[in-house]
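First the structure, in the form of structure tokens, and then the observations on it.
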Amino acid sequence: QAVFALMEDAIDSDSDVLITGETGTGKELVARAIHHNSSRGDKRLFVINCGAVPKEVLLNELFGHRKGAFNGAVEDQMGLFEAAEGSTLILDEIDDMPLDVQPSLLRGLMERKIQRLGETISRAVDMRAIAISNRVLTKLVETGRFREDLCVRLKAFEIHLPPFRERSEDIPLLIAHFYEEACRQLPRVLAGFTPDALEMLSRYPWPGNVRELRSAIRRACTLAEEGERIQTHHFPSQMLTENS
């Protein structure tokens with residue numbers, strides 16, 4: 001409920017947002033929900049994985065370039081800051097963004113102006129940024145892997161998604177939801193879960209969070225036969241070992 005309240009505040013405002021939490025907690029789902037329910041929701045949503053793109057390419061992807069700025073720049077190209085005009089740009093895995101790209105990002109977020117590579121003029125942009133991080137940015141600041149000023153800027157509006165193990169009361173509801181979801185996609189009828197299977201699901205620590213639960217339920221429903229109840233052996237072997 002606290003997360004939903006913060007999401008409502010984010011939807012009603014136009015502030016940049018930082019969404020944090022472990023892998024599989026649903027951070028991108030929250031980011032997309034904020035965009036689609038905001039005043040910018042009728043515009044195309046843009047997403048970039050900051051940790052999957054080399055530094056030189058990332059600068060170009062974010063800010064664009066002028067023709068002739070480098071070998072292969074045969075025409076002018078806008079970056080995502082410009083492409084997301086009037087919309088939202090999700091900066092996924094911002095905790096893996098190269099350190100020497102971060103000053104340019106901070107400047108763009110603070111001034112809402114960017115310079116394409118090879119240009120000296122500034123271009124005003126009207127976009128909203130939603131950053132996503134799997135790690136605690138303040139700890140990365142302490143180790144010199146993230147800029148403190150950028151961290152402060154992003155944490156001005158932070159939504160933290162707690163890990164699944166801290167909200168175990170959600171497990172029965174999500175089991176039922178993902179079971180119904182999987183059954184709608186299958187060409188056969190199943191008969192629910194055995195008590196042993198439900199107990200195993202409730203006791204397992206779910207290191208992969210909601211994403212892991214969803215995958216486990218889908219797998220079990222796929223392996224079960226017509227009219228069969230889902231049993232413990234329908235789940236991955238590490239779940240059985242963890243609960244033994």
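The values are calculated or read from the model by the stated rules, or taken from the named source; none is laboratory data. These numbers come from a predicted model, not from an experiment. Neighbour counts are summed over all protein chains in view; Cβ atoms, including those assigned to glycine, are modelled from backbone coordinates with ideal geometry. Protein only, heavy atoms only, side chains kept; ligands, DNA and RNA dropped before computing areas. Shrake-Rupley method; radii C 1.70, N 1.55, O 1.52, S 1.80 Å.
Points to keep in mind about this one:
- Percent carbon-and-sulfur accessible area, the chain, ignoring ligands, DNA and RNA, probe 1.4 Å: 50 percent
- Compactness of the chain was expressed as the Cα radius of gyration divided by 2.2 N^0.38 Å, which yields 1.23.
- Sites Ala156 and Ala52, calculated FRET efficiency, Cβ-Cβ separation with R0 22 Å, nearest 0.05: 0.25
- With each label modelled as a point 7 angstrom along the Cα→C-beta vector, the Asp170-Lys43 pair spans 3.0 nm.
- Cα shape, segment 1-108, gyration tensor, a/c 1.5 rule: prolate
- The Cα-based radius of gyration and maximum Cα-Cα distance (Dmax) for segment 21-77 are 15.7, 43 Å.
- Diffusion coefficient of segment 85-125 by Stokes-Einstein, Kirkwood radius over Cα pairs, 10 °C, 1.306 mPa s: 138 µm²/s.
- Listed residues Glu75, Glu228, Glu180, most fluctuating in the chain (Gaussian network, C-alpha, under 10 Å): Glu75
- Calculated FRET value between Arg123 and Glu181, using beta carbons and R₀ = 41 Å, to 0.05: 0.40
- Between segment 188-244 and segment 117-165, the Cα center-to-center distance that results, in Å: 37 Å
- Taking a straight Cα-Cα cut-off under 20 Å and skipping sequence neighbours fewer than 8 places away in the same chain, the lysines within cross-link reach of Lys139 are Lys27, Lys155.
- Straight-distance crosslink candidates among lysines, where the alpha carbon sits under 26 Å from Lys67 and sequence neighbours closer than 8 are dropped: Lys55, Lys113
- Per-peptide average of other Cβ atoms within 10 Å, ordering 14-21, 207-214 highest first: 14-21, 207-214
- Cα-based shape type of segment 148-197, given that a ≥ b ≥ c are square roots of the gyration tensor eigenvalues and the cut on a/c is 1.5: prolate
- Highest average packing first - 3-10, 27-34, Cβ atoms within 10 Å: 27-34, 3-10
- Gyration tensor verdict on segment 94-177 (Cα atoms; rounded if a/c is under 1.5, prolate if a/b is larger than b/c, oblate otherwise): prolate
- Directionally averaged projected area (segment 172-219, Cα convex hull): 3.3 nm².
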